[in-house]
Amino acid sequence: MNRYTTLKQLGDGTYGSVLLGKSNDTGELVAIKRMKRKFYSWNECLNLSEVKSLKKLNHTNVVKLREVIRENTDLYLVFEHMKEDLYQLMKERDKLFPEPVIRNVTFQILQGLSFIHKRGYFHRDMKPENLLCMGPVLVKIADFGLAREIRSQPPFTDYVSTRWYRAPELLLKSTSYSSPVDIWAVGCIMAELHTLVPLFPGDSEVDEIFKICQVLGTPKKSVWPEGHNLAASMSFRFPKFVAASLRSLIPNASHEAIALMEDMLQWDPKKAS
């Protein structure tokens, strides 16, 4: 770490804190993630899901891991520095984004996600805070701490991603989900880009399902039998709602944008596209 000077703390998460750093050789700014747990061998470091996945994911729309540094039992991940995240970008707006900007941002997110999925991984924590930006011009998917290989064997933990972007199968405690959970999250993010407010701002997991039903309508058993089985196993009954139209909720979106969001926000993960 003596090759870098740390300037200030950028954030603090469950697994690590992020510092703004500067290369002593080049003066280039970097983001340094200092992991909270201790690491007693290089093998432990290299088996970390964030390190394993990012070593294989070299793409314009995926944040670049520059190097991995272990000092004694402390582990540091050095990333390229990005100006802000999508949450901050939306929060700073005092008027809605023009459709071409939303189209460009969504395209970049989906390009990065397609690459991640094709390389055999799914992210599990897609949310605006984990999408790093240089304004709306360049967007990169970051924070692979919860990433898993698609071919990994379930059961997986059901607690992944911030609640507002969590797919219905996760809310219903499925342990055998896969990459469609990322697609659902992008559908929620795309809707938020249009309105600057979350589409499903539930204040609990049950309230989250309630909010989803208010928009998508109650899922019929014939449409999503697995969901009804999951609900039954936790003695949950879907609230009764008729679907609202996304067009009425997001009036500034184009027909193409509405169609894409509808394709991504499917009750049945097998139908997400």
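Per residue, the average separation of C-alpha pairs within less than 8 Å and at least 6 apart gives the chain a relative contact order of 14 percent.
Rolling a 1.4 Å probe across all protein chains gives LYS271 an accessible area of roughly 100 Å². Relative contact order of segment 66-139, taken over Cα pairs closer than 8 Å and 6 or more residues apart, is 42 percent.
Listed options for percent of Cα pairs over 27 Å apart are (i) 37; (ii) 42; (iii) 46. The value calculated from this structure is the one marked (ii). Accessible surface calculations at 1.4 Å, restricted to protein heavy atoms, place segment 130-273 at 45 Å² per residue.
Using Cβ point charges alone (K and R +1, D and E -1), the dipole size of the chain about the Cα centre works out to roughly 440 debye.
The 1.4 Å probe gives accessible areas that order ARG237, ARG148, largest first, as ARG237, ARG148.
In segment 14-109, what trypsin sites (Lys or Arg not before Pro) fall in a loop by DSSP, with at most 13 other Cβ atoms inside 10 Å?
Numbers: sites: LYS22, LYS33, ARG34, LYS36, ARG37, LYS38, LYS52, LYS55, LYS56, LYS64, ARG66, ARG70, LYS83, LYS91, ARG93, LYS95, ARG103; in loops: LYS36, ARG37, LYS38, LYS64, LYS83, ARG93, LYS95.
Those that pass, being in a loop and sparsely packed, are LYS36, ARG37, LYS38, LYS83, ARG93, LYS95.
Remark: the GLU149-GLN214 segment gains 20.1 nm on full extension, using 0.36 nm per residue and subtracting the alpha carbon distance.
Toward the positive end of the charge dipole of segment 1-112, with +1 on the Cβ of Lys and Arg and -1 on the Cβ of Asp and Glu, the farthest Cα among VAL30, HIS81, GLY112 is that of GLY112.
What is the local net charge at LEU146, summed over the other residues whose Cβ is closer than 9 Å to its Cβ (Lys, Arg +1; Asp, Glu -1)?
Working: positive: ARG124, ARG148; negative: GLU50, ASP125, ASP143.
Overall, the nearby charge balance is -1.
A straight line joining the Cα centroids of segment 134-150 and segment 195-273 runs 24 Å. I need the calculated FRET efficiency for the pair GLU262 and VAL197, taking r as the beta carbon distance and R₀ as 25 Å, to the nearest 0.05. Once rounded, the FRET efficiency stands at 0.85.
Here each label is just a point 7 Å from Cα along the line to Cβ, and for ASP74 and LEU29 those points are 2.2 nm apart. Note on ASN229 and PHE107: with the Förster distance fixed at 35 Å, the Cβ-Cβ geometry gives a FRET efficiency of about 0.45.
Exposure check, 1.4 Å probe, all protein chains in place: CYS188 carries approximately 0 Å² of accessible surface.
Using alpha-carbon pairs under 8 Å, 6+ residues apart, how would you state the relative contact order of segment 107-236 in percent? Can you show the working numbers first?
Working: 158 pairs, mean separation 28.7, N = 130.
About 22 percent, as a whole number.
Neighbours of PRO128 by Cβ distance under 15 Å: Lys/Arg scored +1, Asp/Glu scored -1, total -1. The stretch between PHE236 and LEU96, if pulled fully straight at 0.36 nm per residue, gains 46.7 nm over its current Cα-Cα span. Applying 0.36 nm per residue to the separation of LYS8 and LYS55 and subtracting their alpha-carbon distance, the gain on full extension is 14.3 nm. Estimated at the nearest 10 Å², the accessible area of TRP224 is 0 Å² with a 1.4 Å probe. Expressed as a whole percent, the accessible surface of the chain that belongs to carbon and sulfur atoms is 53, based on a 1.4 Å probe. Which residue, chosen from VAL139, ALA243, TYR177, occupies the Cα position most advanced towards the positive end of the dipole of the chain, where the dipole is computed from +1 (Lys, Arg) and -1 (Asp, Glu) charges on Cβ about the Cα centre? Farthest towards the positive pole: TYR177.
The values are calculated or read from the model by the stated rules, or taken from the named source; none is laboratory data. Keep in mind the model is a prediction, meaning the values are calculated, not measured. Cβ sites come from the backbone with ideal geometry, for glycine too, and all protein chains shown count toward neighbours. Accessible surface is based on the protein model in full, side chains and every heavy atom, while ligands, DNA and RNA are left aside. Shrake-Rupley method; radii C 1.70, N 1.55, O 1.52, S 1.80 Å.
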